Amino acid sequence: MNLTPIIKYFKLPLIIISNKVELLYAKLLKFNYQLQGVEFGSKTMFYGKPHIRILANTQIKIGNNCRFRSGHTSNLIGINRPCILSTHGGNNNKIIIGNDCGFSGTVIGAFTQITIGNNVKCGANTLITDSDWHQEDPRSGPPKPIVIGDNVWLGVNAVVLKGVTIGENTVIGANSLVVKDIPANVIAAGNPCKVIKSL
Ligand SMILES: CC(C)(COP(=O)(O)OP(=O)(O)OC[C@H]1O[C@@H](n2cnc3c(N)ncnc32)[C@H](O)[C@@H]1OP(=O)(O)O)[C@@H](O)C(=O)NCCC(=O)NCCS
(Lines give C-alpha, C1' and ligand atoms only; values in the text may rest on other atoms or scores of the structure.)
Protein backbone atom coordinates (compact mmCIF):
# COMPACT_ATOMS: atom_id res chain seq x y z
CA MET A 1 0.00 0.00 0.00
CA ASN A 2 1.32 3.41 -0.95
CA LEU A 3 1.12 5.64 2.14
CA THR A 4 2.68 8.70 0.52
CA PRO A 5 -0.59 10.43 -0.54
CA ILE A 6 -2.14 9.82 2.91
CA ILE A 7 0.93 11.14 4.71
CA LYS A 8 1.01 14.16 2.34
CA TYR A 9 -2.66 14.84 3.04
CA PHE A 10 -2.26 14.69 6.83
CA LYS A 11 1.24 16.17 7.03
CA LEU A 12 0.22 19.76 7.81
CA PRO A 13 -2.38 18.90 10.48
CA LEU A 14 0.06 16.41 12.06
CA ILE A 15 2.80 19.07 12.21
CA ILE A 16 0.34 21.52 13.75
CA ILE A 17 -0.77 18.94 16.36
CA SER A 18 2.85 18.03 17.12
CA ASN A 19 3.76 21.73 17.62
CA LYS A 20 0.75 22.26 19.89
CA VAL A 21 1.70 19.17 21.98
CA GLU A 22 5.28 20.47 22.29
CA LEU A 23 3.98 23.90 23.37
CA LEU A 24 1.62 22.38 25.92
CA TYR A 25 4.41 20.16 27.33
CA ALA A 26 6.71 23.20 27.62
CA LYS A 27 3.99 25.18 29.39
CA LEU A 28 3.37 22.33 31.85
CA LEU A 29 7.11 22.02 32.55
CA LYS A 30 7.36 25.77 33.13
CA PHE A 31 4.36 25.70 35.44
CA ASN A 32 5.93 22.85 37.41
CA TYR A 33 9.16 24.84 37.83
CA GLN A 34 7.16 27.97 38.75
CA LEU A 35 5.56 25.98 41.56
CA GLN A 36 9.09 25.24 42.81
CA GLY A 37 9.91 28.97 42.85
CA VAL A 38 11.59 29.59 39.47
CA GLU A 39 10.59 33.00 38.03
CA PHE A 40 9.95 33.25 34.28
CA GLY A 41 9.23 36.23 32.04
CA SER A 42 6.87 35.86 29.13
CA LYS A 43 7.40 33.74 26.02
CA THR A 44 10.32 31.72 27.40
CA MET A 45 10.27 28.34 25.71
CA PHE A 46 11.66 24.85 26.33
CA TYR A 47 12.59 22.50 23.47
CA GLY A 48 12.98 19.15 25.21
CA LYS A 49 13.03 18.78 28.98
CA PRO A 50 15.54 20.87 30.94
CA HIS A 51 16.38 20.03 34.53
CA ILE A 52 16.04 22.91 37.00
CA ARG A 53 16.87 22.44 40.68
CA ILE A 54 16.17 25.39 42.98
CA LEU A 55 16.94 25.24 46.71
CA ALA A 56 15.06 27.15 49.41
CA ASN A 57 16.38 30.71 49.94
CA THR A 58 17.91 30.83 46.47
CA GLN A 59 16.63 32.46 43.31
CA ILE A 60 16.40 31.54 39.64
CA LYS A 61 15.00 34.37 37.53
CA ILE A 62 14.71 33.98 33.76
CA GLY A 63 13.65 36.89 31.54
CA ASN A 64 11.39 37.12 28.51
CA ASN A 65 11.69 35.22 25.29
CA CYS A 66 14.54 32.88 26.28
CA ARG A 67 15.07 29.52 24.58
CA PHE A 68 16.27 26.37 26.37
CA ARG A 69 17.19 23.59 23.96
CA SER A 70 17.60 20.24 25.70
CA GLY A 71 16.69 17.59 23.11
CA HIS A 72 19.68 16.13 21.23
CA THR A 73 18.50 17.58 17.91
CA SER A 74 16.75 20.67 19.20
CA ASN A 75 19.87 22.46 17.97
CA LEU A 76 21.28 20.67 14.91
CA ILE A 77 24.84 21.41 15.99
CA GLY A 78 24.31 18.48 18.40
CA ILE A 79 23.43 18.62 22.08
CA ASN A 80 24.92 16.02 24.42
CA ARG A 81 22.76 16.72 27.45
CA PRO A 82 19.74 18.72 28.62
CA CYS A 83 20.04 22.25 29.98
CA ILE A 84 20.64 21.91 33.74
CA LEU A 85 20.24 24.91 36.07
CA SER A 86 20.91 24.49 39.76
CA THR A 87 21.37 26.59 42.86
CA HIS A 88 23.38 25.34 45.81
CA GLY A 89 24.02 26.22 49.44
CA GLY A 90 20.84 28.11 50.21
CA ASN A 91 22.38 31.49 51.08
CA ASN A 92 20.62 33.83 48.65
CA ASN A 93 22.47 32.24 45.75
CA LYS A 94 21.10 33.32 42.40
CA ILE A 95 20.93 32.66 38.71
CA ILE A 96 19.66 35.79 36.98
CA ILE A 97 19.12 35.59 33.21
CA GLY A 98 18.01 38.54 31.05
CA ASN A 99 15.77 38.62 27.99
CA ASP A 100 16.17 36.97 24.57
CA CYS A 101 18.86 34.48 25.62
CA GLY A 102 19.46 31.05 24.06
CA PHE A 103 20.86 27.94 25.76
CA SER A 104 21.68 24.58 24.15
CA GLY A 105 22.49 21.79 26.57
CA THR A 106 23.94 24.49 28.84
CA VAL A 107 24.76 23.71 32.47
CA ILE A 108 24.61 26.61 34.94
CA GLY A 109 25.46 25.90 38.58
CA ALA A 110 25.31 28.75 41.10
CA PHE A 111 26.91 28.60 44.56
CA THR A 112 27.03 32.42 44.76
CA GLN A 113 25.61 34.45 41.88
CA ILE A 114 25.60 33.99 38.12
CA THR A 115 24.27 36.95 36.16
CA ILE A 116 23.64 36.64 32.44
CA GLY A 117 22.61 39.75 30.45
CA ASN A 118 20.25 40.14 27.52
CA ASN A 119 20.60 38.44 24.14
CA VAL A 120 23.30 36.05 25.34
CA LYS A 121 23.84 32.97 23.14
CA CYS A 122 25.23 29.90 24.90
CA GLY A 123 26.34 27.32 22.36
CA ALA A 124 25.90 23.58 22.57
CA ASN A 125 27.13 21.92 25.78
CA THR A 126 28.43 25.08 27.41
CA LEU A 127 29.16 25.12 31.16
CA ILE A 128 28.97 28.13 33.49
CA THR A 129 29.93 27.40 37.09
CA ASP A 130 30.89 29.79 39.88
CA SER A 131 32.29 27.00 42.06
CA ASP A 132 34.70 24.07 42.01
CA TRP A 133 31.76 22.04 43.41
CA HIS A 134 33.67 19.97 45.96
CA GLN A 135 33.54 22.64 48.67
CA GLU A 136 34.49 20.13 51.38
CA ASP A 137 37.78 19.44 49.58
CA PRO A 138 40.48 21.91 50.76
CA ARG A 139 41.95 21.91 47.25
CA SER A 140 38.83 23.78 46.02
CA GLY A 141 38.90 27.57 45.92
CA PRO A 142 35.96 29.60 47.25
CA PRO A 143 33.01 30.18 44.87
CA LYS A 144 33.07 33.57 43.13
CA PRO A 145 30.27 35.27 41.15
CA ILE A 146 30.17 35.28 37.34
CA VAL A 147 28.85 38.09 35.14
CA ILE A 148 28.20 37.60 31.43
CA GLY A 149 27.37 40.86 29.61
CA ASP A 150 24.72 41.61 26.99
CA ASN A 151 25.16 40.11 23.51
CA VAL A 152 27.90 37.70 24.57
CA TRP A 153 28.13 34.56 22.44
CA LEU A 154 29.72 31.45 23.97
CA GLY A 155 30.91 28.99 21.31
CA VAL A 156 30.16 25.30 21.48
CA ASN A 157 31.64 23.50 24.55
CA ALA A 158 32.92 26.74 26.13
CA VAL A 159 33.47 26.54 29.89
CA VAL A 160 33.26 29.63 32.11
CA LEU A 161 34.77 29.15 35.58
CA LYS A 162 34.35 30.96 38.89
CA GLY A 163 34.95 34.68 39.27
CA VAL A 164 34.89 35.52 35.56
CA THR A 165 33.30 38.63 34.02
CA ILE A 166 32.82 38.65 30.25
CA GLY A 167 32.17 42.12 28.80
CA GLU A 168 29.29 42.85 26.45
CA ASN A 169 29.34 41.91 22.74
CA THR A 170 32.27 39.55 23.22
CA VAL A 171 32.52 36.21 21.42
CA ILE A 172 34.14 33.22 23.16
CA GLY A 173 35.46 30.61 20.71
CA ALA A 174 34.54 26.96 20.57
CA ASN A 175 36.05 24.74 23.31
CA SER A 176 37.46 27.72 25.23
CA LEU A 177 38.22 27.56 28.94
CA VAL A 178 37.52 30.99 30.45
CA VAL A 179 39.36 31.39 33.75
CA LYS A 180 40.03 35.17 33.78
CA ASP A 181 37.96 38.25 32.90
CA ILE A 182 37.51 38.95 29.20
CA PRO A 183 36.80 42.57 28.15
CA ALA A 184 33.86 43.83 26.07
CA ASN A 185 33.86 43.86 22.25
CA VAL A 186 36.51 41.22 21.56
CA ILE A 187 36.82 37.72 20.20
CA ALA A 188 38.60 35.52 22.72
CA ALA A 189 39.42 31.84 22.51
CA GLY A 190 41.60 29.00 23.71
CA ASN A 191 42.72 27.30 26.89
CA PRO A 192 43.22 29.50 28.82
CA CYS A 193 40.89 31.85 26.92
CA LYS A 194 42.71 34.97 25.65
CA VAL A 195 41.75 37.89 23.42
CA ILE A 196 42.55 37.14 19.77
CA LYS A 197 40.82 40.11 18.09
CA SER A 198 39.05 43.37 18.87
CA LEU A 199 35.66 43.93 17.33
C1 LIG B 1 36.02 32.38 17.79
C2 LIG B 1 35.60 32.37 16.33
C3 LIG B 1 34.21 33.00 16.17
C4 LIG B 1 36.65 33.20 15.60
O5 LIG B 1 36.41 33.17 14.23
P6 LIG B 1 37.28 34.13 13.27
O7 LIG B 1 37.12 35.54 13.70
O8 LIG B 1 36.92 33.78 11.86
O9 LIG B 1 38.77 33.74 13.65
P10 LIG B 1 39.91 33.05 12.77
O11 LIG B 1 39.42 31.74 12.24
O12 LIG B 1 40.40 34.10 11.81
O13 LIG B 1 41.03 32.74 13.86
C14 LIG B 1 41.82 33.77 14.43
C15 LIG B 1 42.87 33.14 15.33
O16 LIG B 1 42.23 32.59 16.49
C17 LIG B 1 42.45 31.18 16.59
N18 LIG B 1 41.18 30.58 17.01
C19 LIG B 1 39.97 30.72 16.42
N20 LIG B 1 39.04 30.04 17.09
C21 LIG B 1 39.67 29.43 18.11
C22 LIG B 1 39.23 28.56 19.13
N23 LIG B 1 37.94 28.22 19.27
N24 LIG B 1 40.15 28.12 20.02
C25 LIG B 1 41.45 28.48 19.91
N26 LIG B 1 41.92 29.31 18.95
C27 LIG B 1 41.04 29.77 18.06
C28 LIG B 1 42.85 30.76 15.19
O29 LIG B 1 43.64 29.60 15.23
C30 LIG B 1 43.60 31.97 14.71
O31 LIG B 1 44.88 31.93 15.28
P32 LIG B 1 46.18 32.54 14.49
O33 LIG B 1 45.89 34.01 14.31
O34 LIG B 1 47.33 32.24 15.42
O35 LIG B 1 46.24 31.82 13.20
C36 LIG B 1 35.55 30.95 15.76
O37 LIG B 1 36.86 30.42 15.55
C38 LIG B 1 34.82 29.96 16.64
O39 LIG B 1 35.31 29.41 17.64
N40 LIG B 1 33.58 29.69 16.24
C41 LIG B 1 32.73 28.72 16.89
C42 LIG B 1 31.38 29.27 17.03
C43 LIG B 1 30.45 28.24 17.57
O44 LIG B 1 30.75 27.51 18.50
N45 LIG B 1 29.25 28.20 17.00
C46 LIG B 1 28.22 27.28 17.39
C47 LIG B 1 27.41 27.78 18.51
S48 LIG B 1 26.25 26.58 19.09
Output for Cβ contacts, cut-off 6 Å, separation at least six or different chains, first residue closer than 16 Å to ILE54 by Cβ in segment 104-133, second hydroxyl-bearing (Ser, Thr, Tyr) and modelled with pLDDT of 95 or more, reads GLY109/SER86; GLY109/THR129; ALA110/THR87; PHE111/SER131; ASP130/THR112
At least 3 residues that are in contact (Cβ under 8 Å) with a residue 24 or more places away in the chain in each: list the strands (runs of 3 or more DSSP E) lying fully within segment 3-67 that qualify.
51-53, 59-62
What single numbered condition from (1) in a loop (DSSP other than H, G, I, E, B); (2) within 22 Å of LYS180 (Cα to Cα) fails to hold for GLY71?
(2)
Scan segment 165-185 for residues that are β-branched (Val, Ile, Thr), buried (at least 20 other Cβ atoms within 10 Å of the Cβ) and within 26 Å of HIS88 (Cβ to Cβ) and jot them down.
ILE166, ILE172, VAL178, ILE182
Pick from segment 1-51 the residues that are β-branched (Val, Ile, Thr) and in contact with a strand residue (DSSP E or B) (Cβ under 7 Å, 6 or more places away or on another chain): which of them is nearest to GLY98 (Cα to Cα)?
THR44
The strands (runs of 3 or more DSSP E) lying wholly within segment 83-186 that contain at least 2 residues that are under 12 Å from the mean Cα position of the chain (by Cα) and either within 12 Å of the ligand (Cβ to nearest atom) or among the polar types (S, T, N, Q) (or both) are 102-104
Candidates LEU23, LEU35, LEU12, filtered to the one that is among the aliphatic types (A, V, I, L, M), under 30 Å from PRO143 (Cα atoms) and over 11 Å from the mean Cα position of the chain (by Cα)
LEU35
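The values are calculated or read from the model by the stated rules, or taken from the named source; none is laboratory data. Treat the numbers as computed from the prediction; the structure is a model and nothing was measured. Note that we place each Cβ from the backbone using ideal geometry, even for glycine, and neighbour counts take in every protein chain shown.
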